Every structure is written in structure tokens, then in C-alpha cells.
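A quick write-up on the structure given underneath.
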Amino acid sequence: MTSRPPVKRHYFRDFWSFAKPYERPLRLVYILYFLNSVLNLVPAMSVRYYIDLMFLGRPVKLFGWSIPSMADHPMKDKLVFSACFLLGATVIIVVANVIGVAMWRHGTKSVESMVFDIKTTIHHHINKLSLGYFNSERVGTIMTKAVGDVGNVSNLLRSSFNLTYAGVQFILAPVLMITLSPMLFLIVLIPMPLIGYAFYAIRRKLKPMYRTQRDNESIIASQIQEVLSGIREIKAFNMESRSATQYREVNRRYYRMQKQIMRVFSVNHQLQYGSRDFGIVLLAVLGGVCMFHGIGGVTVGKITSAMVLSSYFYNPLSQFLGFYDVVQRGMVSLERILDFLNEVPDVRDQRGAAECDVKRVAGAIAFDHVTFSYEPGNTVLDDVSFDVKPGERIAVVGPSGSGKSTLLSLLLRFYDVDSGTIRLDGRDIREYTQMSLRMAAGIVFQDTFLFYGTIRDNLMFVNPRKTEQDMFEACKAANIHDTILSLPERYETRVGERGVKLSGGQKQRLAIARVFLKDPPIVILDEATSAVDTKTERLIQEGIERMLHSRTAFIIAHRLSTIKTCDRIIVLGNRRIAEMGSHGELLARRGIYHELVESNKL
């Protein structure tokens, strides 16, 4: 069953849900960046007045006030004036730096808080998605979105502050230059067509490249994840060379695209900086010509200030190029994250769904004309009906691919039925919340998954309210307590990645102990003893017998010793229930079950 396509929404509106809680601190940060940007322009502008007052020999107007020239004053007065000018500039620079520290601290705090919320939301959404999504999506792709894409969004948010800083300077610097001399500003504008073309060209070329590159990164992450998960099989079948070849090809595609990106970026980068340097040289040369010919009232001080201000005009343009790289990566990643968060789970709680009271569950289960398919046109179960009494033990058998595990996945609402109804104690399971429904069942899978951590961690997470004594009793009932005590660190023993430090039998018995701790009214065993030796099977079977006492149980098994003690056996075949009855009844019918037993497939 495939997940539905993501719902198309306005990306800004979706992202605003993360930014809105930090609206006030973000507003403060942007105000601080604005003030810092303005203050940094003040010394550049004041240089003009200092130079003209010291050397021009005529008064200089400032805000309508006429300030007399210092050119004819004695050296002492000039030194006092220079000291006052330096002190004032220092005060402004110090204040700007203090504001800079404040804006950095508040900005970092706001960004990290938003990134924290995004990561938490992604993790919550991963847990909320239906199994059908993970059947069709590669793990590496999801990991890239949860880690790499979040990092790019974090860089995007930080760059937005610097973009504000550069943007303010880009706007104010021309305004100040025009107040100095419109002629000098016109000279500064001469390289602008070349800079504008460079920015337009990079914007048009880079965005599709970045999206392709993020897809390549997802494929690379998936390849690495598959190698790590299947390292045993890779070594066993001597697939190292083939695996390396596949990874090399994927990495080569990434490398080629990265070269294209850097080629476009570097050419435009040099074009921007070259245009900036050319503009400054033009300003010095043509400004000097204007000054010597008395054009536009240009003075040495104005040229000097204009050259400083031009850097606040050109530099933001060059920075926009760098920002564009970060912004494009961030926007592509943001779109990927929001598309992922807009994925709608196939299985959802109904509005007003009830909580299943586990303590009151008797365990009566009914499948009523249930039909299900993972993909349209490929039916796995067709019109399946049966009833299970509270405390009854049911075995489910059949050829591989007959739908045994699917049947029990439907009971837990890992998937929803296409048609028909599944009832628990007479009530449609879709009327319960998924979480409370699954609290009523304990599962022991064929391939037990253990989380990285200690044995205690892997036991207690199913029911943190249980005491240490409860844990000991559960492990004794599962025949694993003595084994744990024989380990050097006992219950604090680390199990390794996926429980690699424990044997298959030990992991199975820990899984049984987890069910004891959960204490559910319904138990599901999916090939729980299929991959262990006879001695280990006996230990596991003893634990299972204790666990199944007075509980409704579904057992998928290939071992006759496990099956024949069940109250009833459901035999699946050709997408339907082919036979149903006790071990003796089914043998007497000499049907599919009889054939499975005779052929030693059970």
C-alpha cells in the first residue's frame, strides 16, 4: 500500500508554523542587525568631513550647519579635532560591536530553537507515518531529509540575518553616496550591468542543479545505509567489489554535478569581484578627473568616502552571490522537508477515536469479510472471515506469501483493510486510537530488533512504570534471567547495534520478557522460534507457554510442535482461508494442512 502524494501547500505558510513562536525575538534580531548595519556606515560617511575640514580650506555643511575649516588652524587645534573625531568614531564602533554581539547571541538562540522544533517535528512525523510509506521510500533518503536538509535550513536561517545586514547597507550606501555627489554615484553604477547579468545567470542555473544534488546525496546515504545493514551478506557472497562499483557510480554522478555547480559559482564569483574592483578603480580615476575640472563639486573627502561607501555597495552584491548558494541549498532542503511533513499517513485515527482500555479487553477478535492489497490489483487477502474467543490460541499457517504476517499486521492497524471489518470485543478497531489499540497487543517477531543501549533499556522502554523486580520476574518467566546474570555487566550489558552482541535465542527470550513486562491481553508470535536450535527452542517455548496463559494468541510458525497445541489452526491459501480446525481435524481432512505436515514443511 503506497502512501498518498504530498499535499501541495504554500511553503512559506508551512514554514511560518515553525517561525511564529519566535516572532518577537526574531523581530528584535532583525532590528539589531539593521542598527548594526547603519552604525557601520557612519564612520565611512564621516571620513569625508574629516578630510575636507582638515585639508580643503573652506567650510563644510553638515545638516544645514556650516562647520569652519581646520586647514588654517594651528597644529594643536588640528590634533584636538583629530582626537575628538577618533574618539567619536571609536564610540560608534564600540556600540556597533556591542549590538553585534547581542544580535549574534539572540540570532543563534532563535535559529537553534527553530531547528530543534523542526528536528522534533520530523522525528514525530516519522513515527506517525504508516508502514506503507517506509515500504516504498529508502531509509537513506529519509535520513538525508532529517539530518542534511535540516542543516541546510539552519544555514539558510542564519544567512537571512546576514542578508538583512547586507541588504540595509546595499540600500543606504547609494543614498549616502548620492548625498555626497550624484556624479560619483553614477560612476559607481558603471559596472552594475555586468554584476546584474552574473547574478541573473547564477540564479537561473543553480537551483535545478541543487535539487539534483540533494537527490544524489539521498541516494549516496541510501547506498551507505544498505551496505551497513547488509554487511554480513556482502561479505558472505563476496560482493565487496560489486558494492564498491555501485557506490562509485553514484558518487561519480554527485562529483560531476558538484563540479558543474562549482564551475558556475566560481566563474560568476570572479566576475562579481572583478566588477567590484573595476568600479573602485573607475571611481578613483574618474572622480579625480571630476575634482580637477570642478565637476559636480567633487572633493578629496567625497572621493575617499565614496570609495569606502562603494565597498558597502559592491560587497553586498558579492555577498548575495554567496548567500544565493546558501539560500538555494536551504530552499531546496526546506521544500524537501515540508513535502515530507505533508505526507499523509495511510492509517489515521478517526475524529473522536476512543481510547482502548487495555485492562478491560477480553480478547475476542473477529475478521468480517476482510479484503486487503498492498497495491491496487494485487490482492493479498480476499474475503477473510473468522472469530476468535477470548483466551483462544490460534495458529496461522500457509505457504510463503500467503498473507500470514499481513493478517496480523491488519489486526494491529499497521495497514487498514480495503473492505470488511476487524473487531475487538465487538467494536471496529478503527474506532480506537492506534496507540491505545497497540497497547493491547504484545508481539514477538522472528527477527527481534534491539535498540542500541543496555539490556535494561531494551526491556523497560515498553513499560517504564514497571519496577526492577517486575523486570527480574519477566526475565525469569522468559528463561533469560540466569543468562543475563552470567554476563559481566548483567542488566547493564550493552547489546550493540541491533543487538549484535547477543545470540538469536537470547534476543528472542528478551523479546518474550518485554511482552511479560507489557502484560497485554493479546499476544502475537511471528515465527518466534524458526531460527534457533532445539535446546534454545525448548527454553523459548517454556517462556511462551507461560506468556500465553489466559491470553488470546496468534501464532505464525513452521514448527509442528508449536502449532499442534493450538486450539485452532487457520490455513491460508490462494488469498483466502483454505482450511480451519484443530490439528487432528485438519489431518483427518487430508487437505492442504495434511500436505504441509507430510512434506515436512511444518
Discussion item. Of all residues being within 15 Å of Thr448 (Cβ to Cβ) and in contact with a strand residue (DSSP E or B) (Cβ under 8 Å, 6 or more places away or on another chain) in segment 517-541, which is modelled with the lowest pLDDT? Just the residue, please.
Written reply: Ala528
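Can you name every residue in segment 550-570 that is in a strand (DSSP E or B), more than 40 Å from the chain's Cα centre (by Cα) and aliphatic (A, V, I, L, M)? If you could, list the steps in order and put the result at the bottom.
First, pick out the residues of segment 550-570 that are in a strand (DSSP E or B): 552-556, 568-570.
Applying the additional criterion that residues be more than 40 Å from the chain's Cα centre (by Cα) yields 568-570.
Scanning segment 550-570 gives Ile569, Ile570.
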Worksheet, complete the sentence: Filtering segment 450-476 down to residues that are assigned to a helix (DSSP H, G or I), within 20 Å of Met439 (Cβ to Cβ) and not charged (D, E, K, R) yields Asn458, Leu459, Met460, Met471, Ala474
Worksheet item: Tally time: how many residues in segment 130-139 are surrounded by 19 or more Cβ atoms within 10 Å (Cβ to Cβ) and either under 11 Å from the mean Cα position of the chain (by Cα) or in a helix (DSSP H, G or I) (or both)?
Response: 2
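Condition check ((1) among the basic types (Lys, Arg); (2) under 30 Å from Ser17 (Cβ atoms); (3) touching a Ser or Thr at 6+ places or on another chain (Cβ under 9 Å)) across all residues:
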{"site": "Gly296", "(1), (2), (3)": "no, no, yes"}
{"site": "Lys302", "(1), (2), (3)": "yes, no, yes"}
{"site": "Ser305", "(1), (2), (3)": "no, no, yes"}
{"site": "Asn315", "(1), (2), (3)": "no, no, no"}
{"site": "Val326", "(1), (2), (3)": "no, yes, yes"}
{"site": "Glu335", "(1), (2), (3)": "no, yes, no"}
{"site": "Arg360", "(1), (2), (3)": "yes, no, no"}
{"site": "Ala364", "(1), (2), (3)": "no, no, yes"}
Fill in: Qualifying position, being closer than 30 Å to Gly352 by Cβ and not polar (S, T, N, Q), among Phe445, Phe449, Phe386
Phe386
Discussion item. If a residue must be surrounded by fewer than 20 Cβ atoms within 10 Å (Cβ to Cβ) and touching a helix residue (DSSP H, G or I) at 6+ places or on another chain (Cβ under 9 Å), how many such residues does segment 394-408 contain?
Written reply: 1
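Among the candidates Thr448, Thr406, which residue alone is closer than 28 Å to Arg546 by Cα and in contact with a Gly (Cβ under 9 Å, 6 or more places away or on another chain)?
Working: Thr406 fails: in contact with a Gly (Cβ under 9 Å, 6 or more places away or on another chain).
Sole residue among the options that is closer than 28 Å to Arg546 by Cα and in contact with a Gly (Cβ under 9 Å, 6 or more places away or on another chain): Thr448.
Using the structure shown, decide if Val264 is β-branched (Val, Ile, Thr), within 30 Å of the chain's Cα centre (by Cα), surrounded by 19 or more Cβ atoms within 10 Å (Cβ to Cβ) and part of a helix (DSSP H, G or I). Don't jump to the end; show me each part of the working.
Working: β-branched (Val, Ile, Thr): yes; within 30 Å of the chain's Cα centre (by Cα): yes; surrounded by 19 or more Cβ atoms within 10 Å (Cβ to Cβ): no; part of a helix (DSSP H, G or I): yes.
No.
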Practice prompt. Go through segment 161-200 and give me each residue that's among the small types (Gly, Ala, Ser) and either buried (at least 19 other Cβ atoms within 10 Å of the Cβ) or touching a Lys or Arg at 6+ places or on another chain (Cβ under 7 Å) (or both).
Written response: Ala166, Ala173, Ser181, Ala198
Response to the item:
Scanning segment 282-302 residue by residue, the ones that are surrounded by 13 or more Cβ atoms within 10 Å (Cβ to Cβ), among the aliphatic types (A, V, I, L, M) and closer than 15 Å to Leu189 by Cα total 4
Worksheet item: Of (1) part of a helix (DSSP H, G or I); (2) surrounded by fewer than 19 Cβ atoms within 10 Å (Cβ to Cβ); (3) in contact (Cβ under 8 Å) with a residue 24 or more places away in the chain; (4) over 37 Å from the mean Cα position of the chain (by Cα), Gly279 satisfies all except one. Which?
Response: (2)
Worksheet entry | Residues satisfying the stated conditions in segment 409-431, i.e. surrounded by 20 or more Cβ atoms within 10 Å (Cβ to Cβ), in contact (Cβ under 8 Å) with a residue 60 or more places away in the chain and under 13 Å from Ile365 (Cα atoms) | Leu411, Leu424
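The values are calculated or read from the model by the stated rules, or taken from the named source; none is laboratory data. All values reported here derive from a predicted model rather than from experimental measurement. In this analysis, Cβ positions are derived from the backbone assuming ideal geometry, glycine residues included, and neighbour counts consider all displayed protein chains.
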